[in-house]
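Structure, as structure tokens:
Every number in this text was worked out from the coordinates using simple rules, so none of it is lab data. A quick note: this is a predicted structure, and the numbers were derived from the prediction, not measured. In this analysis, Cβ positions are derived from the backbone assuming ideal geometry, glycine residues included, and neighbour counts consider all displayed protein chains.
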């Protein structure tokens, strides 16, 4: 079922504007008003193929400071070679415009828009925005791709997040072509799970940092979006597939035990063994305090980029890998030095300083 069963909005009519098959139009969708009473409108681009087919939305900056996806959507809009043979796409470079204007993850009412779907037309500011977005964008779509980055002061390896128990979600998650898929239903009242529940299979791409447009992350996002459209028969081309694709079912954030300054021993995307040192926590004078280690064999999905920590703050996000999948992933890393995946990892690693653990470090974690 689509978001408004029996009332599904058509892709060809937007607030009195008609978009004929084969046409592309830039539109502005009214979602709310500012404190001064001025209308807030989301810019979006609608592109229709000559023939009927699926409608796919691609959204970015649902968190207003996560703009890698904005760069990817802009790249698609500006790509003259990006032509649909059938179906339609709705491209939205900035979903949370009030947050984007303030360089903030959140809305002016301090709420997280991605915890407010499907929203209510009579609720809070965030809830009303969510309802408008849900009705006007999800309510016209058959599939969805939502582009995100890590939260502030963190970075993520490009990872598709998807509820793999849903066959059509699994289909587009695997087609996207990321090496890593994180299986899960998603946050309560998030856009992804609510869209899926409403009959619009949706996946999320997590990659990179806030406040940046990172070229290799954008390249990864654009490639993945095109892979999905090829899978759905909407554009011509051949899907770019990874040598190995791993679905991660369990993850854990390794957190600081003490306040201090970190020395990192691993980089984003690195494979780790159980008990392997991830970071040394030192005093401001560089004196050892304790060593954080991996809880299991896995891969570094994300990590902090800020070495100064307080007790309990997240340091490394580890995705658990079975030994056979870890070996398969290791074999890929060995022979794809020029791959997009490897270039992404090299760029992300440039955001942290990785040093070898000193031979003088006490195995107990105390120097």
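Subtracting the Cα-Cα distance of residue 355 and residue 285 from their residue separation scaled by 0.36 nm leaves 23.5 nm. Within the listed set 51, 163, 297, the residue fluctuating most in the Gaussian network model of the chain (springs between alpha-carbon atoms under 10 angstrom) is 51.
Using a Gaussian network model on the chain with a 10 Å cutoff between Cα atoms, which of 124, 104, 81 fluctuates the most? In this elastic network of the chain, the residue with the biggest mean-square fluctuation among 124, 104, 81 is 81. Note on residue 80 and residue 28: the model spin-label points, each 7 Å out from Cα along the C-beta direction, lie 2.7 nm apart.
Taking the longest Cα principal axis of the chain as reference, the axis of helix 125-136 is set at about 60 degrees. All Cα-Cα distances of segment 1-142, cut into 10 Å bins from zero to the largest, leave 12, 41, 35, 11, 0 percent in each bin in turn. Averaged over residues, the count of other Cβ atoms within 10 Å places the peptides 193-203, 29-39, 207-217 in the sequence 193-203, 207-217, 29-39, highest first. Per-residue Cβ neighbour counts within 10 Å put 320, 85 in the sequence 85, 320, beginning with the fewest.
In segment 250-349, inverting the average of 1/r over every pair of distinct C-alpha atoms gives 14.1 Å as the Kirkwood radius. Can you check what the Kirkwood hydrodynamic radius comes to for the chain, Cα pairs only, in Å to one decimal? After inverting the mean inverse Cα-Cα distance, the result is 21.4 Å.
Going 7 Å from the Cα of residue 50 along its beta-carbon direction, which residues of segment 58-93 have the amide nitrogen within less than 20 Å of the resulting point? Inside the label zone: 80-89. Computing FRET efficiency as 1/(1 + (r/R0)^6) for residue 10 and residue 313, where r is the C-beta to C-beta distance and R0 is 45 Å, gives about 0.40. A viscosity of 1.002 mPa s and a temperature of 20 °C, combined with the Kirkwood radius over C-alpha pairs in the Stokes-Einstein formula, give segment 250-301 a diffusion coefficient of 188 µm²/s. Here the simple spin-label model places points 7 Å from the Cα toward Cβ, and for residue 122 and residue 110 these points are separated by 2.6 nm. For segment 228-244, the residues whose amide N sits under 18 Å from a probe point set 7 Å from the Cα of residue 322 along the beta carbon direction are 244. What is the antiparallel percent of DSSP beta bridges lying wholly in the chain, to the nearest 5? If I count the DSSP bridges inside the chain, around 65 percent turn out antiparallel. Rg then Dmax, both in Å and based on the Cα atoms of segment 13-231: 16.0, 46.
For residue 306 and residue 250, the difference between the fully extended length at 0.36 nm per residue and the C-alpha to C-alpha distance is 17.7 nm.
For segment 272-287, the residues whose amide N sits under 17 Å from a probe point set 7 Å from the Cα of residue 261 along the beta carbon direction are 279-287.
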